[in-house]
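Everything on this sheet refers to the single structure shown next.
The values are calculated or read from the model by the stated rules, or taken from the named source; none is laboratory data. Because the structure is predicted, anything quoted here is derived from the model rather than measured. So basically every Cβ, Gly included, is an ideal-geometry build from the backbone, and we count neighbours across all protein chains shown.
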Amino acid sequence: MDTYQLLRSALNVSAQRAELISTNIANVNTANYKAKRLEFESYLNDAMNGNRLALTTTNQKHLNPNDELQPKLITNRNTSLKENGNNVDLEVEMLNQSTNSLYYNALTAQLNGRYHMLNQVLTNS
């Protein structure tokens, strides 16, 4: 998997994570709602280190399973912070939102830098 594919996957997950964090925040007072998160970084590390399983397709028209890393949705069912069964911690979600925003900005800066470098190579050739 090349760098552009990794960056694309990471940007997509960051956008999905932002939506999920917003959903958690919106449901902060919903009875029995359990906070959700996306697990992605361990899959990204495995892909970067070449530890992904090689999947095969039985038909050339099938989508390539290795084109993009997919995050895993995890629901935290082990805790309840409130009497109504809800376990969303607003402070944690706000921190996650800030962290995800910084992560997204770093990824876009990295991608922009790579495109700029590619553009320089093409215009100077």
Check your understanding: Does Thr123 satisfy the criteria of being of a type in the set (Val, Ile, Thr), loosely packed, with under 11 Cβ neighbours inside 10 Å and without any contact (Cβ under 8 Å) to a residue 60 or more places away in the chain?
Key -> yes
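Here is a yes/no grid of residues against (1) surrounded by 15 or more Cβ atoms within 10 Å (Cβ to Cβ); (2) of a type in the set (A, V, I, L, M, F, W, C); (3) outside any helix (DSSP H, G or I); (4) at pLDDT below 95:
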site: Ala47; (1), (2), (3), (4): yes, yes, no, yes
site: Asn51; (1), (2), (3), (4): no, no, yes, yes
site: Thr56; (1), (2), (3), (4): no, no, yes, yes
site: Asn64; (1), (2), (3), (4): no, no, yes, yes
site: Asn78; (1), (2), (3), (4): no, no, yes, yes
site: Glu91; (1), (2), (3), (4): no, no, no, no
site: Met94; (1), (2), (3), (4): no, yes, no, no
site: Leu102; (1), (2), (3), (4): no, yes, no, no
site: Asn105; (1), (2), (3), (4): no, no, no, no
